[in-house]
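Enquirer: Submitted below is the structure of interest, expressed as structure tokens.
The values are calculated or read from the model by the stated rules, or taken from the named source; none is laboratory data. Since the model is a prediction, treat every value here as computed from it, not as a measurement. Ideal geometry is used to build each Cβ from the backbone, glycine not excepted, and the neighbour counts take in all protein chains shown. In case anyone asks, the SASA skips ligands and DNA or RNA and just uses the protein heavy atoms, side chains included. Shrake-Rupley method; radii C 1.70, N 1.55, O 1.52, S 1.80 Å.
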Amino acid sequence: VTGVLDDCLCDIESIDDFNTFKIFPKIQKLQERDYFRYYKVNLKRPCPFWADDGHCSIKDCHVEPCPESKIPVGIKAGSSNKYSKTANNSKELEDCEQANKLGAVNSTLSNQSKEAFIDWARYDDSQDHFCELDDERSPDAQYVDLLLNPERYTGYKGPSAWRVWNSIYEENCFKPRSVYRPLNPLAPSRGGDDGESFYTWLEGLCLEKRVFYKLISGLHASINLHLCANYLLEETWGKPRWGPNVKEFTRRFDPAETKGEGPRRLKNLYFLYLIELRALSKVAPYFERAVVDLYTGNGHEDAESKALLLDIFRDTKSFHMHFDEKSMFAGDKKGAKSLKEEFRLHFKNISRIMDCVGCDKCRLWGKLQTQGLGTALKILFSEKEIQSLPENSPSKGFQLTRQEIVALVNAFGRLSTSIKELQNFKILLQQTR
């Protein structure tokens, strides 16, 4: 994948260099800070669109629910006798533990962390959102340590996973009934259609609707890249080995294997990267104010986190080939307003579809990356409000909750990682030829 991207004046090589040498090392460091590593999420919300087929998809995801009666008291209490003889006798339990290692969400937190979260919550406020927000007061919402739950291949695939993506593409990408080819690039095309009629149709759309499709396609490509790069390669003596799977990468992105779709998907990943990069540069004034702390209660760490974040903002501003969102929603005021609202509602719907993902770990990262993109869109459409923020008092107009800030940084961190992994796959492919 090389050359200039559609709908922006930017070339892929410039993004690669900028990401590798400036952004990637810093955003990795930032994601390890306490403020950014804990994300509150409700993984128990029911799917609002179809009867939940969680059991099939959970099986694919290797997260087998353990029967309560089979779990030794020591494990439930979290005490040290977990490895006693009786605990290891049950074959069922071993299968369960194996499953949990692969796909389960590790939600262990120290009491100290829990106290800090109560403090953080006091700093949060809320307003108009592009995402369906989890009710953070719900008893089902829990803090998850993202560093203990890396996004990787869990085995979640098949009809259940396919239905989620199909629903996102088919129902939310402004598709007219006259275009028969499913928008989902994983879906089989009909008869002799080589897919080009679909792209002819896409080019005929207004910029906003074209952008919407590219954002979703870019997010899909990014998630697929993470799964290919962090794949379960083998499990010897109970020690799983994770790493890049070139065969899986080829299956999902090679032009010959994807009827020419693969490079287009990857270009959409770069497009999404530019959109979120633009949002970071636009939101900088919000964080540059002294009144905004990345508050965890540890003054020294908070100051370091903020300094690192502002350093990343300086880098984003130094990149001159941004996507120009001013061309979006720039028509007559009434039409632009209704299109923007339609955009917001489509996106909100996608964030609700994430509650239909059957694998907890996939659901966690799907929700986080969707909320991160939703936050980026909210920023891009709030430029005037951000520019008129008061310097020394909390803003009444534009406000970001801690959830949105954590999602924004981690979602962009995932895109930065995707582009870095793509470089790695290019090298691996050259070596295998």
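Enquirer: Karplus couplings for the range 279-296 from phi (6.51 cos²θ - 1.76 cosθ + 1.60, θ = phi - 60°), rounded to Hz, Gly and Pro as x?
Expert: 4, 4, 5, 6, 8, 3, x, 4, 7, 5, 5, 5, 6, 9, 10, 8, 7, 10
Enquirer: In addition: State the extension gain, in nm to one decimal, for the chain segment bounded by Asn166 and Ser318, taking 0.36 nm per residue of separation less the distance between their alpha-carbons. Present the calculation step by step, with values, prior to reporting the outcome.
Expert: On the way: separation 152, 0.36 × 152 = 54.72 nm, distance 3.78 nm.
This chain segment gains 50.9 nm when fully extended.
Enquirer: Taking Cα centroids, how far is the range 346-418 from the range 280-312 in Å?
Expert: The distance from the Cα centre of the range 346-418 to that of the range 280-312 comes to 17 Å.
Enquirer: So, one more: Sort 208-214, 384-390 by the packing proxy (mean of other Cβ within 10 Å over each peptide's residues), most packed first.
Expert: Values: 208-214: 19.9, 384-390: 13.4.
Descending mean neighbour count gives 208-214, 384-390.
Enquirer: A follow-up question, please. For Leu233 paired with Arg352, estimate the spin-label separation in nm (one decimal), with each label point 7 Å from Cα along the Cα-to-Cβ line.
Expert: That separation, rounded to one decimal, is 4.3 nm.
Enquirer: Another question, then. For Arg241 and Ala284, what does the FRET efficiency come to when R0 = 45 Å and r is the distance between their Cβ atoms, rounded to the nearest 0.05?
Expert: Computed FRET efficiency for Arg241 and Ala284 comes out at 0.65.
Enquirer: Within the accessible area of the range 211-344, what % is carbon and sulfur when the probe is 1.4 Å and the other protein chains stay in place? Before the final figure, lay out each step's value.
Expert: Numbers: 3210 of 5870 Å².
It is 55 percent, rounded to a whole number.
Enquirer: For Glu32 and Lys259, what is the calculated FRET efficiency with R₀ set at 60 Å and r taken between the beta-carbons, to the nearest 0.05?
Expert: Details: r = 40 Å, r/R0 = 0.67.
Calculated transfer efficiency: 0.90.
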